[in-house]
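*Asks:* Okay, handing you the structure first.
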Amino acid sequence: MGHIEVNKEKGFIHVLLNYPNCTNSLTDDMIDELVERVEELEKENQNIIILSGSGKGFCSGGTLSILKGERDSKRNLFDQLEKVIKQLYLMPKFIVSAIHGSCFGIGLSLALATDYVIAHKDAQFSMNFYRKNHVPIGGGKFWLKRRLGEQLSRQWIWKEREISGDEAFRVSLIDDVTSRPVIDEVYDHIRLNKWGSIEAMIAAKKLYHPYTARELEKELRKEREWDLKMEA
């Protein structure tokens, strides 16, 4: 049984990271499965995709087994992770990350690759790679620089800060915050059409993201090089 659930609803698709015993920490198999599911989603008619996690948190990062794997295994990890990150960023859909509990490391990179990030006010965010002797991967530096600016993003990575959903919203790391169950808030946004024209947002994404994707690809290559050097 896999750990990625896909539920098709009227007007949207809900993708659930479902490995609650490990706070949805990503394994090699989960990343492979996520790549397959995301490829399938691009063919669907629904224009809105929700990404969330089951249990007590969204995603606490990657398991130690994938971060400390052999070099061939690490190369496969980078291949698949880079693929899903670029798929989310370029897919002509409006993709929303709904965050509760922990959103750390690769989990944060995954969330920031989507178009809109909404979190519960008590959610926790951190790009906690250095304590595991790794550089941020999954485009971590790219996403933080775009959201926080160069200087603040560097400090945030070095200090491995952990901040709440409220603070993440104040510094513009995320797009919205709520005191309600976050998935209920997202469903209400869809039901009440709070985002306005989804088609217009997708059109802007198709126009703009292919250009910025070049910078993303550069950062992904650098991450791979530096991470493998640190492992040497």
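*Asks:* I need 167, 162 ordered by Cβ neighbour count within 10 Å, fewest first.
*Replies:* Details: 167 16, 162 13.
Going from sparsest to densest Cβ surroundings: 162, 167.
*Asks:* How do 201, 127 line up, fewest other C-beta atoms within 10 Å first?
*Replies:* 201, 127
*Asks:* Would you calculate the separation in nanometres between label points at residue 176 and residue 150, each defined as 7 Å from the Cα along the Cα-to-beta-carbon direction?
*Replies:* The answer from the label model is 3.3 nm.
*Asks:* By average Cβ neighbour count within 10 Å, what is the ranking of 74-81, 99-106, 151-158, 193-200 from highest down?
*Replies:* Ranked from most to least packed, the peptides come out as 99-106, 74-81, 151-158, 193-200.
*Asks:* At 222 nm, what value in deg cm²/dmol follows for the chain if DSSP H runs of at least 4 each add -39500 (n - 2.57) and the sum is divided by all its residues, to the nearest 500?
*Replies:* Values: 9 runs with 114 residues, N = 232.
After summing the helix terms and dividing by the residues of the chain, the value is -15500 deg cm²/dmol.
*Asks:* When only Cα pairs under 8 Å and 6 or more residues apart are kept, what is the percent relative contact order across the chain?
*Replies:* Values: 413 pairs, mean separation 41.6, N = 232.
Worked out over the chain, it gives 18 percent.
*Asks:* While we're looking at this one, here's another question. As an exercise, use a Förster radius of 22 Å and the Cβ-Cβ distance of residue 9 and residue 204 to find the FRET efficiency, rounded to the nearest 0.05.
*Replies:* Calculated transfer efficiency: 0.35.
*Asks:* For the chain, give me the percentage of DSSP beta bridges that are antiparallel, rounded to the nearest 5 percent.
*Replies:* If we restrict to bridges inside the chain, about 25 percent are antiparallel.
*Asks:* Could you line up 33, 215 from fewest to most neighbouring Cβ atoms inside 10 Å?
*Replies:* Fewest to most other Cβ atoms nearby, the residues stand as 215, 33.
Readers should treat all values here as calculations from the given coordinates under stated rules, not as data from a laboratory. Just so it is clear, the model here is predicted, and its values are computed rather than measured. Note: ideal-geometry Cβ built from the backbone for every residue, glycine included; neighbour counts use all protein chains shown.
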